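Visitor: Mind looking over this structure? Questions follow.
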Amino acid sequence: MEHEVRAWPNRLQWLYVFVGSMVVNLTVALLALELLCWIVLSGYNWIRPHHYQSEIDSPAYAGQAWVADFYREQSARVNSRKFYVPFRLWGVSAWHGKYLNVDVSADGAWRRSLNPTSDDCKNRPKASVWVFGGSTVFGTGVPDWATLPSYLATELNRRGNDCVEVTNFGVEGYVTTQEVILLAEQLKRGQHPTTVIFYDGFNDAFAGMNSDDPRSAHYAYSTVKERIQGSVHGRFDFIGNLYSVRAAYAILALFRRNHPLATMDNNAKAVATVDNYEANLALVRALSGAYHFKLYCFWQPMLLYGHKPLVPFEQQVAELDGRSGGRLNAQLIANAYVEAGNRSTDGTFVNLAGLFDSVPDPLYLDEAHLGPHGNELAANAIAKYVEDHPAGMELQRSERK
């Protein structure tokens, strides 16, 4: 009897040791698998043909010495904590560094624009210019001095007689629907801009053409939806970031057949995407009349559309996106750009999609983001249009009717 009583603790100890060793061994095996998959994926991305390493390789930087330091700073900011913002889902968080600064004010956190100052402007009222857009306005990939709003501030002050102060309201990933809400929030706070500029196109085209309903499309839609609804997938979607899971998806992609949508479906989606864009602009025009600011709206250029002479790096990006299973469906996004080009003649917005058609210089960092020179060219084109149409776009629209 005494022998049997002593046997139970021994069996429990053996069970604890067995389960514990299994957990430790399984954890070690998973960590080893994760490390192995990281090595394999990193090596594959480094050696596979016709693949550029990253935006840092773009000749649009012209070999500037600051590029490596800037990307370390940008990566640290991107990996920092994200902030939920009511109605707009996400916003810009404060950041201060050598190349990239996001300043916090009573009206929110916004990327710093370098507005030129002069003695003439110290005691004179300033014209307030607000620029709205996604990451191409925010300035992903470039320092504070090389964003589109910073170049625009320099050019507007050089061209005009007024002292102009440009505010960068760009938020990475935003589509025009979110920007309209952001504009309305700022107006409700009692701010009174002289001029409002919208610079969009790529995000609306990408989100709209990859959504079942372009009217409600925005980035990370399924992730946000599933997390809000509390689905099992939403609770464990972080697993998708594991390198082992990424490797499994990459292997499955090799055997998966692509089933493109019918042409009519793509065309209808392109129409709905640009319909949604123009509906947002109609709301902004109504706000411009109520709050008395001049409005200018521009559809931005992108690498996958138009006739820009491509340098080898840009050609590699285009080929990667054009092939089956590439990063982006180039033709799908181009459909929306074609539709936008057909619509732009009515004066609702200015189509800059062909802005770089005769520019042989390297400009792009990826499909949409521009290096310093590209942002400067885009800002100069916007400034020239503003100078040539001082009353805003409403006058032009009325003249076309």
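Visitor: Of all residues in the range 58-69 being in a helix (DSSP H, G or I) and within 20 Å of the chain's Cα centre (by Cα), which is nearest to A94 (Cα to Cα)?
Guide: Only one residue tops the list, namely V67.
Visitor: Identify, from the list R77, R72, the residue that is in contact with a Leu (Cβ under 8 Å, 6 or more places away or on another chain), charged (D, E, K, R), in the same structural domain as Q186 (by TED's automatic domain parsing) and not in a loop (DSSP other than H, G, I, E, B).
Guide: Selected residue: R77, the only one of R77, R72 that is in contact with a Leu (Cβ under 8 Å, 6 or more places away or on another chain), charged (D, E, K, R), in the same structural domain as Q186 (by TED's automatic domain parsing) and not in a loop (DSSP other than H, G, I, E, B).
Visitor: Looking at V171, V180, V196, V164, which one is at pLDDT below 95, in the same structural domain as C297 (by TED's automatic domain parsing), of a type outside the set (S, T, N, Q) and more than 24 Å from A330 (Cβ to Cβ)?
Guide: After applying the criteria, what remains is V164.
Visitor: Turning to a different aspect of this structure: Among the residues of the range 112-142, which ones are under 16 Å from L183 (Cα atoms) and free of Cβ contacts under 8 Å to residues at least 60 places away in the same chain?
Guide: F138
Visitor: Turning to a different aspect of this structure: Only one of S135, S93 is surrounded by 11 or more Cβ atoms within 10 Å (Cβ to Cβ), at pLDDT 95 or above and not basic (K, R). Can you tell me which?
Guide: S135
Visitor: Return the pair list, or none, for Cβ contacts closer than 8 Å from residues in the range 290-305 that are on the phi > 0 side of the Ramachandran plot and surrounded by fewer than 24 Cβ atoms within 10 Å (Cβ to Cβ) to residues that are at pLDDT 95 or above and not charged (D, E, K, R), at least 6 apart or on different chains.
Guide: Going by the 8 Å Cβ cut-off, there are no qualifying pairs.
Visitor: Would you point out the residue of the range 332-349, among those that are buried (at least 18 other Cβ atoms within 10 Å of the Cβ) and at pLDDT 95 or above, that is farthest from A272 (Cα to Cα)?
Guide: The residue in question is F349.
Visitor: If I filter the range 237-255 down to residues being surrounded by fewer than 10 Cβ atoms within 10 Å (Cβ to Cβ) and not aliphatic (A, V, I, L, M), which single residue comes out as modelled with the highest pLDDT?
Guide: N241
Visitor: For I228, indicate whether it is more than 24 Å from L304 (Cβ to Cβ), modelled with pLDDT under 75 and not aromatic (F, W, Y).
Guide: no
Visitor: Among the residues of the range 90-110, which ones are in a strand (DSSP E or B) and either of a type in the set (K, R) or touching a helix residue (DSSP H, G or I) at 6+ places or on another chain (Cβ under 6 Å) (or both)?
Guide: W95, N101
Visitor: Could you check, for the range 90-99, whether at least one of its residues is in contact (Cβ under 8 Å) with a residue 40 or more places away in the chain, in contact with a Lys or Arg (Cβ under 9 Å, 6 or more places away or on another chain) and hydrophobic (A, V, I, L, M, F, W, C)?
Guide: yes
The values are calculated or read from the model by the stated rules, or taken from the named source; none is laboratory data. Every value quoted in this text rests on a predicted model; they were computed, and no experiment measured them. Note that each Cβ is placed from the backbone with ideal geometry, even for glycine, and that neighbours are counted across all protein chains shown.
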